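J.: Submitted below is the structure of interest, expressed as structure tokens.
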Amino acid sequence: MTPIDLRSDTVTAPDATMRKAMAAAEVGDDVFGDDPTVRRLEERAAERIGKPAALFVPSGCMANLIAVMAQAPAGSEILVGSRSHIHTAEAGAYARLAQVNKWPLAEDAQGRLDPDAVRAAIHVGYGLPGGNSHLPTTSLLCLENTHNFCGGAVQNAADMRAAADAARSRAPWIKVHLDGARLFNAAVALGVSSKSLAEAADSVSFCLSKGLGAPVGSLVCGSRDLIVQAHALRKMLGGGMRQAGVLAACGLLALEEDNVARLAEDHAHARRLAEGLAALPGISADPAAVRTNILFFEYRGPKGDAAWLQRALEAEGVRCLALGARLRMVTHRDVSGAQIDEALRAAARVLGKA
């Protein structure tokens, strides 16, 4: 039996159309700037986000790291959400490689930062007139949309603009980076353009290899000057991919309107999953909180804990992740509506309500 894999939307495989595009892709050496398919992808990505330029990189973690290193000098400080991916799940790269201090702020249930808390957290440190020599200077505010560990929560443009404006009102030099790994999910959920959600940010990263279904790759988008710096940083971090057009060809298909609009199906499947799980004994899930394709829920029952339920579901052919006391399921294009129903039947069998 083929497992129903709900661990992440990163497990999607390139479909037949993408594989055909890979085989036919026109390529060159992208480190020299000679790959025409990569250039087309970068132009298309910049247009979709509403920024002047973009850079194709291997991963979302590298995209975020490049954006931080390009805008936050070593020894400065960045403001991050306490549950943000940058803060919790990127292997300490910001301390070891970017050499910046992170100052975490609490998010609300929708992944939003309180503008007053953002303003209060900004430090004017050494090297600036009137600065406190005990403190690093805050140089960058990092936002995330959708917010992974807040259950795929969505922020609208006004939410992000409020946080960005609060930071800049206290320190006009501050830049804003948006970790938009699943930004197109947010745009589809809100019924708005991706450009509108990127307006408040100086830099934006987004992933092709999650809900959009490409096998590899992310984009960093921003000003032309920022992308010039990003090129050098990509090289420094080992991200030059040479004949990367075979991957960029998939990225161009991933950004087509029909493929982006299709994300609404994943959102509907996630809500159906939440509704079905919420009816099972021992499971605490809130269907109303599911806005996109990520669902977190808890299990408290006589049979075990979250890790037990993950193992039990795996034995029934359903893969998910136990993350502490919570479990995560993520819907994607490789999981059909029929498979969502089968996953719910498997959960009912495991929990004794078949």
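J.: For segment 305-354, what are the residues that are touching a helix residue (DSSP H, G or I) at 6+ places or on another chain (Cβ under 6 Å) and more than 28 Å from ASN185 (Cα to Cα)?
T.: Result: ALA312, GLU316, VAL350, ALA354.
J.: Here are some residues: GLY111, GLY125. Which one is of a type outside the set (Phe, Trp, Tyr) and in contact with a Ser or Thr (Cβ under 6 Å, 6 or more places away or on another chain)? Spell out how you get there, then give the answer.
T.: Details: GLY111 fails: in contact with a Ser or Thr (Cβ under 6 Å, 6 or more places away or on another chain).
Exactly one residue qualifies, and that residue is GLY125.
J.: For the structure I just gave you, tell me whether LEU313 is closer than 21 Å to MET1 by Cα and crowded, with 17+ Cβ neighbours inside 10 Å. Talk me through it step by step, then tell me what you get.
T.: Numbers: closer than 21 Å to MET1 by Cα: yes; crowded, with 17+ Cβ neighbours inside 10 Å: yes.
Taking the combined requirement at face value, the residue satisfies it.
J.: Which of the residues that make up segment 269-291 are in contact (Cβ under 8 Å) with a residue 40 or more places away in the chain and in a helix (DSSP H, G or I)?
T.: Result: HIS269, ALA270, ARG272, LEU273, GLY276, LEU277, ALA289.
J.: Can you name the condition, by its number, that ILE283 falls short on among (1) in contact with a strand residue (DSSP E or B) (Cβ under 6 Å, 6 or more places away or on another chain); (2) of a type in the set (Val, Ile, Thr); (3) under 30 Å from SER193 (Cα atoms)?
T.: Condition (3) is where ILE283 drops out.
J.: Given the criteria in a strand (DSSP E or B) and in contact (Cβ under 8 Å) with a residue 24 or more places away in the chain, does SER169 qualify? Explain how you work it out, then say what you get.
T.: Details: in a strand (DSSP E or B): no; in contact (Cβ under 8 Å) with a residue 24 or more places away in the chain: yes.
Judged against the criteria, SER169 is not a match.
J.: Just the residues that are surrounded by fewer than 17 Cβ atoms within 10 Å (Cβ to Cβ) and either at pLDDT 95 or above or over 20 Å from ASP114 (Cβ atoms) (or both), please, taken from segment 169-189.
T.: The answer is SER169, PRO172, TRP173.
J.: Give the number of residues within segment 325-348 that are over 20 Å from the mean Cα position of the chain (by Cα) and farther than 16 Å from PRO3 by Cβ. Step through it out loud before you land on a result.
T.: Taking segment 325-348 and keeping what is over 20 Å from the mean Cα position of the chain (by Cα), we get 325, 336-348.
With the extra rule that they be farther than 16 Å from PRO3 by Cβ, the set shrinks to 325, 337, 348.
Qualifying residue count, segment 325-348: 3.
J.: Let me ask you something else. Out of segment 317-337, which residues are farther than 23 Å from MET18 by Cβ and surrounded by fewer than 18 Cβ atoms within 10 Å (Cβ to Cβ)?
T.: Answer for segment 317-337, where residues must be farther than 23 Å from MET18 by Cβ and surrounded by fewer than 18 Cβ atoms within 10 Å (Cβ to Cβ): GLY317, LEU321, ALA322, LEU323, GLY324, ALA325, ARG326.
J.: Looking at (1) closer than 22 Å to ASP5 by Cα; (2) touching a Ser or Thr at 6+ places or on another chain (Cβ under 8 Å); (3) not hydroxyl-bearing (Ser, Thr, Tyr), which is the one condition that is false for ALA248?
T.: (1)
J.: Failed condition for ARG291, given (1) crowded, with 17+ Cβ neighbours inside 10 Å; (2) under 16 Å from LEU344 (Cα atoms); (3) of a type in the set (Lys, Arg), with all others met?
T.: (2)
J.: OK, next. Limited to segment 191-233, what total is found for residues that are among the charged types (D, E, K, R) and buried (at least 24 other Cβ atoms within 10 Å of the Cβ)?
T.: Quick first cut of segment 191-233, residues among the charged types (D, E, K, R) only: 195, 199, 202, 210, 224-225.
Then keep just the ones that are buried (at least 24 other Cβ atoms within 10 Å of the Cβ); that gives 210.
Counting residues in segment 191-233 that are among the charged types (D, E, K, R) and buried (at least 24 other Cβ atoms within 10 Å of the Cβ) gives 1.
J.: Does SER8 satisfy being touching a residue at least 40 places away in the same chain (Cβ under 8 Å), surrounded by fewer than 23 Cβ atoms within 10 Å (Cβ to Cβ), farther than 30 Å from ALA270 by Cα and polar (S, T, N, Q)?
T.: Details: touching a residue at least 40 places away in the same chain (Cβ under 8 Å): yes; surrounded by fewer than 23 Cβ atoms within 10 Å (Cβ to Cβ): yes; farther than 30 Å from ALA270 by Cα: no; polar (S, T, N, Q): yes.
Taking the combined requirement at face value, the residue does not satisfy it.
J.: Let me ask something additional. Kindly indicate whether any position in segment 294-307 is under 20 Å from the mean Cα position of the chain (by Cα), aliphatic (A, V, I, L, M), crowded, with 22+ Cβ neighbours inside 10 Å and not in a loop (DSSP other than H, G, I, E, B). Steps first, please.
T.: Filtering segment 294-307 for residues under 20 Å from the mean Cα position of the chain (by Cα) gives 294-297.
Subsequent filtering for residues that are aliphatic (A, V, I, L, M) retains 294-295.
Add one more test, that the residue is crowded, with 22+ Cβ neighbours inside 10 Å, and what stays is 294-295.
Now narrow it down to the ones that are not in a loop (DSSP other than H, G, I, E, B): 294-295.
Yes - at least one qualifying residue is present in segment 294-307.
The rows are residues; the columns are (1) within 20 Å of the chain's Cα centre (by Cα); (2) of a type in the set (Phe, Trp, Tyr); (3) assigned by TED's automatic domain parsing to the domain that holds ALA322; (4) closer than 18 Å to PHE184 by Cβ.
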| position | (1), (2), (3), (4) |
| --- | --- |
| SER223 | no, no, no, no |
| LYS235 | no, no, no, no |
| ALA285 | no, no, yes, no |
| THR292 | yes, no, yes, yes |
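J.: Which of the residues that make up segment 1-39 are under 17 Å from VAL260 (Cβ atoms) and under 23 Å from the mean Cα position of the chain (by Cα)?
T.: Within segment 1-39, ASP9, THR12, PRO14, ASP15, MET18 qualify.
J.: Separate question: Sort out which residues of segment 292-325 are closer than 17 Å to GLY276 by Cα, in contact (Cβ under 8 Å) with a residue 60 or more places away in the chain and among the aliphatic types (A, V, I, L, M), and write them in order of number.
T.: ILE294, LEU295, VAL318
The values are calculated or read from the model by the stated rules, or taken from the named source; none is laboratory data. What you see is a predicted model, and the numbers here were worked out from it, not measured in a lab. Because the Cβ atoms are built from the backbone with ideal geometry, glycine has one as well, and the counts that use them run over all protein chains shown.
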